[in-house]
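The values are calculated or read from the model by the stated rules, or taken from the named source; none is laboratory data. Values in this document were obtained by computation on a predicted structure and should not be read as measured data. Cβ sites come from the backbone with ideal geometry, for glycine too, and all protein chains shown count toward neighbours.
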Amino acid sequence: MTDKITYYAIFDEDTSRENPRTVLRRVETGEGQVDELFSRDSTWKRSPLLHAANRGDTMFDFTEISKEEVDQIVGRIRTHANHGEWTPLTPIDSGPALGHCRVSRDARN
C-alpha cells in the first residue's frame with residue numbers, strides 16, 4: 001500500500017497560512033498513522049499537536065496545504081534557520097498548549 005501524506009500549515013494570530021509558524025504532516029500507512037512536525041533543527045519529528053487540535057486542545061490553527069506549498073514553506077524555514085532568523089514558538093516543539101484551534105481541510109491541489 002502506498003503511504004498517504006497530508007500536509008498542514010500551523011499558524012496563530014501572529015502568522016498566516018501563507019507564512020505559518022511551521023508545517024505538520026500526517027503519514028498514513030497500512031500499519032497506522034504518524035504525525036510529524038517540521039522542527040527547529042530542520043527535521044521531521046513526531047508531534048501530538050494535530051490530535052490535540054482535533055480535541056480542541058491547542059491555540060494553533062491547522063489548514064491542509066499541498067505538497068508544493070510545504071516545499072516552499074520548508075525552503076523558507078531552512079533559509080531563515082541557516083541565518084539564525086527562525087525561532088518557532090516554544091509550544092510548537094514542546095507539546096500541545098491549551099487554547100483555541102480550528103482544523104480546516106481546504107487544500108489547493
Report task. Any residue in segment 27-44 that's among the hydrophobic types (A, V, I, L, M, F, W, C): show its pairings with residues that are modelled with pLDDT under 90 and part of a strand (DSSP E or B) at Cβ separation under 6 Å, as long as the two are six or more apart or on different chains. Result -> 38/22
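Rundown of residues vs (1) farther than 13 Å from residue 73 by Cα; (2) under 13 Å from the mean Cα position of the chain (by Cα), yes/no style:
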{"residue": "3", "(1), (2)": "yes, no"}
{"residue": "6", "(1), (2)": "yes, yes"}
{"residue": "12", "(1), (2)": "yes, yes"}
{"residue": "22", "(1), (2)": "no, yes"}
{"residue": "33", "(1), (2)": "yes, no"}
{"residue": "37", "(1), (2)": "no, yes"}
{"residue": "49", "(1), (2)": "yes, yes"}
**Report entry** From 36, 13, 28, residue being at pLDDT below 90 and either exposed (fewer than 13 other Cβ atoms within 10 Å of the Cβ) or not hydrophobic (A, V, I, L, M, F, W, C) (or both)
**Finding:** 13
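Let's see how each residue does on (1) assigned to a strand (DSSP E or B); (2) in contact with a strand residue (DSSP E or B) (Cβ under 9 Å, 6 or more places away or on another chain):
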{"position": "15", "(1), (2)": "no, yes"}
{"position": "19", "(1), (2)": "no, yes"}
{"position": "28", "(1), (2)": "yes, yes"}
{"position": "36", "(1), (2)": "yes, yes"}
{"position": "40", "(1), (2)": "no, yes"}
{"position": "45", "(1), (2)": "yes, yes"}
{"position": "51", "(1), (2)": "no, yes"}
{"position": "59", "(1), (2)": "no, no"}
{"position": "75", "(1), (2)": "no, no"}
